[in-house]
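Have a look at the structure below, then the notes.
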Amino acid sequence: MTVRGLPMTVAAPAADGLPARVRIHEVGARDGLQNEKATVQTRVKAEFVHRLADAGLTTIEATSFVHPRWVPQLADAEALFPLLGDLPETVSLPVLVPNERGLDRALALGARRVAVFASATESFARANLNRTVDEALAMFDPVVTRAKAEGGHVRGYLSMCFGDPWEGPVPVPQVVRVCRALLDMGCDELSLGDTIGVATPGHVQALLTALNGADVPTPSIGVHFHDTYGQALANTLAALRHGVTTVDASAGGLGGCPYAKSATGNLATEDLVWMLRGLGIDTGVDLGRLVATSAWMAGHLGRPSPSRTVRALSHEDPKEQ
Ligand code: MG
């Protein structure tokens, strides 16, 4: 598969009220691959991360130090992480740590950028962590404290920020409370997850406004939208208009959500970059290289990328077959 020449687009200067630059937090190698049926070889994962860096991504979530029984797709974290040691220092490689044992494993390999994974709802906390929301926060407290003591940077993921498959729409104050708790325990950054993809722009605006009202500064907020209902880009634009400059996305749209009963999950990085290019917002990403990388990974997974931008910019070259 090859990549077509990029069509001409109108590259306008950044519109009023939008940031000049957005940092993409690339989650394909972790959130993406952990939710794919196929397990990818360690050397392929390492090449994937290198290719993402070559495409200009500078925050690439590499893997997860969860127990291999829960996420067998990422059971090779110890083998993978050392293969990424040659990446330039400008590329940061956050890793997910579910508890102190995971943090021990990550620190032993030299990882200093870590993420914990909390829930805004009791149902998902119970399903995913077998704990109440507050019990999960208590579990993360020593993880965050120790990571910070080691000079680390901690991201706090929060799932089910908009809707929950068991509880329906999630009240904004409930989300604000857990966000505040994550920051108070020392998290540097939040990632607001629309885990089942039901958010709409007005809900996004309401949550961001309420967070500011609880003294959560906008620069500490990242957004993590899923495209289940086709709203991920609209929601992203609402967040950008609010001043958010950190957006999570998954190369090629890798990964879904096992709770959403849908093939569409993470916002595809290519779809995001396409929109941001058109808005004149700098990401540092070479879209052609990124599309080529996702097309290559789709080959390893044995299925086409769900990203519309990857599909639009790729084609099978008969001469290569
Ligand atoms: Mg996701």
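The values are calculated or read from the model by the stated rules, or taken from the named source; none is laboratory data. Just so it is clear, the model here is predicted, and its values are computed rather than measured. Heads up, the Cβs are rebuilt from the backbone with ideal geometry, glycines too, and the neighbour counts pull from every protein chain shown. Side chains included, ligands, DNA and RNA excluded: accessible areas come from the protein's heavy atoms. Shrake-Rupley method; radii C 1.70, N 1.55, O 1.52, S 1.80 Å.
A count restricted to segment 179-193 and to residues that are in a strand (DSSP E or B) and open to solvent by 10 Å² or more (accessible area, probe 1.4 Å) stands at 1. For residue 182, the requirement of being closer than 27 Å to residue 229 by Cβ and in contact with a Cys (Cβ under 8 Å, 6 or more places away or on another chain) is not met. Restricting 145, 132 to residues that are hydroxyl-bearing (Ser, Thr, Tyr), farther than 18 Å from residue 109 by Cα and open to solvent by 70 Å² or more (accessible area, probe 1.4 Å) narrows the list to 145. Residues that are away from the ligand (no atom under 15 Å from the Cβ) and open to solvent by less than 40 Å² (accessible area, probe 1.4 Å) within segment 218-238 comprise 218, 220, 221, 238, listed in sequence order. Among the residues of segment 32-55, those that are buried (at least 24 other Cβ atoms within 10 Å of the Cβ) and either within 14 Å of the ligand (Cβ to nearest atom) or not hydrophobic (A, V, I, L, M, F, W, C) (or both) comprise 32, 33, 45.
Among the numbered criteria (1) more than 30 Å from residue 174 (Cα to Cα); (2) modelled with pLDDT of 95 or more; (3) not acidic (Asp, Glu), which one does residue 113 miss? Condition (1) is where residue 113 drops out. When segment 104-129 is filtered for residues that are part of a strand (DSSP E or B) and open to solvent by less than 10 Å² (accessible area, probe 1.4 Å), the ones remaining, listed by number, are 114, 115, 116, 118, 119. Against the numbered list (1) surrounded by fewer than 19 Cβ atoms within 10 Å (Cβ to Cβ); (2) in a loop (DSSP other than H, G, I, E, B); (3) β-branched (Val, Ile, Thr), residue 196 comes up short only at (1). Restricting attention to segment 199-210, the residues being within 16 Å of the ligand (Cβ to nearest atom) and surrounded by fewer than 24 Cβ atoms within 10 Å (Cβ to Cβ) number 0.
Would you confirm, using the coordinates I've provided, whether residue 213 is open to solvent by 50 Å² or more (accessible area, probe 1.4 Å), more than 16 Å from the ligand (Cβ to nearest atom) and not charged (D, E, K, R)? Considered against the rule, which asks whether it is open to solvent by 50 Å² or more (accessible area, probe 1.4 Å), more than 16 Å from the ligand (Cβ to nearest atom) and not charged (D, E, K, R), residue 213 comes out as yes. Checked against (1) in contact with a Phe, Trp or Tyr (Cβ under 9 Å, 6 or more places away or on another chain); (2) farther than 17 Å from residue 300 by Cβ; (3) free of Cβ contacts under 8 Å to residues at least 12 places away in the same chain, residue 89 passes all but condition (1). With respect to the stated conditions, residue 246 is under 13 Å from residue 19 (Cβ atoms) and either in contact (Cβ under 8 Å) with a residue 60 or more places away in the chain or open to solvent by 20 Å² or more (accessible area, probe 1.4 Å) (or both).
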